[in-house]
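Structure record follows, encoded as structure tokens.
What follows is calculated from the coordinates using simple rules that are stated; it is not laboratory data. Fair warning: this is a prediction, and the values are worked out from it, not measured in the lab. Glycine also receives a Cβ, built like all others from the backbone with ideal geometry; neighbour counts cover every protein chain displayed.
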Amino acid sequence: VFRNLFENSLAAAAGAVRIDVRCAEATLHGQPALRVAVRDDGPGLTPEQRRRAFEPFYTTKAKGTGLGLAIVRRLVEAHGGRIDLGDAEGPGAELVLVLPRGQA
Ligand SMILES: Nc1ncnc2c1ncn2[C@@H]1O[C@H](COP(=O)(O)OP(=O)(O)OP(=O)(O)O)[C@@H](O)[C@H]1O
Ligand SMILES: [Mg+2]
């Protein structure tokens with residue numbers, strides 16, 4: 001999951017990129033959860049990219065498969081969590097994961 005997110009951040013920026021990872025306590029379906037926000041300072045997503053980022057085979061890259069985020073979402077959901085784009089203001093992309101904690 002994280003490798004896919006970091007590779008997307010690296011690919012989006014022409015030069016060096018800063019990736020900020022923040023964790024906070026949260027709740028998911030009324031249960032304790034961990035919120036992990038992965039944010040970069042690249043160009044961010046256009047409205048079309050925002051709409052389609054998790055769609056299988058959607059890619060804006062010459063050699064992309066467009067499967068990265070679709071697989072990421074499947075993996076996170078297999079762990080009982082969810083992942084979406086953040087709605088933070090400003091440039092850059094933010095992906096927000098919420099993972100349940102506690103009893104396995
Ligand atoms: N951090 C990001 N910044 C800007 N655009 C992004 C970012 N992450 C994803 N995207 C957009 O979402 C699209 C889909 O991402 P996804 O990871 O599913 O596929 P991909 O990266 O294009 O292909 P692959 O994962 O096989 O390399 C990307 O092509 C890009 O347009
Ligand atoms: Mg990718």
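For Val17 and His29 in the same chain, what is the full-extension length gain: residue separation times 0.36 nm, less their Cα-Cα distance, in nm?
0.9 nm
Report the net charge of residues surrounding Leu75, where surrounding means a beta-carbon distance below 15 angstrom and charges are Lys +1, Arg +1, Asp -1, Glu -1.
Net local charge, Leu75 excluded: +1.
Would you mind pulling out the separation of the Cα centroids of the range 21-47 and the range 52-72, in Å?
20
Can you give the three extents of the C-alpha atoms in the chain along their principal axes, from longest to shortest, in whole Å?
42, 26, 23
Report the extension gain between Phe2 and Ala88 in nm, rounded to one decimal, defined as 0.36 nm multiplied by the number of residues separating them, less their alpha carbon distance.
Residue separation times 0.36 nm, minus the Cα-Cα distance, leaves 29.0 nm.
Taking 0.36 nm per intervening residue step and subtracting the Cα-Cα distance, what contour gain separates Arg50 from Thr65 on full extension?
Computed gain between Arg50 and Thr65 is 3.7 nm.
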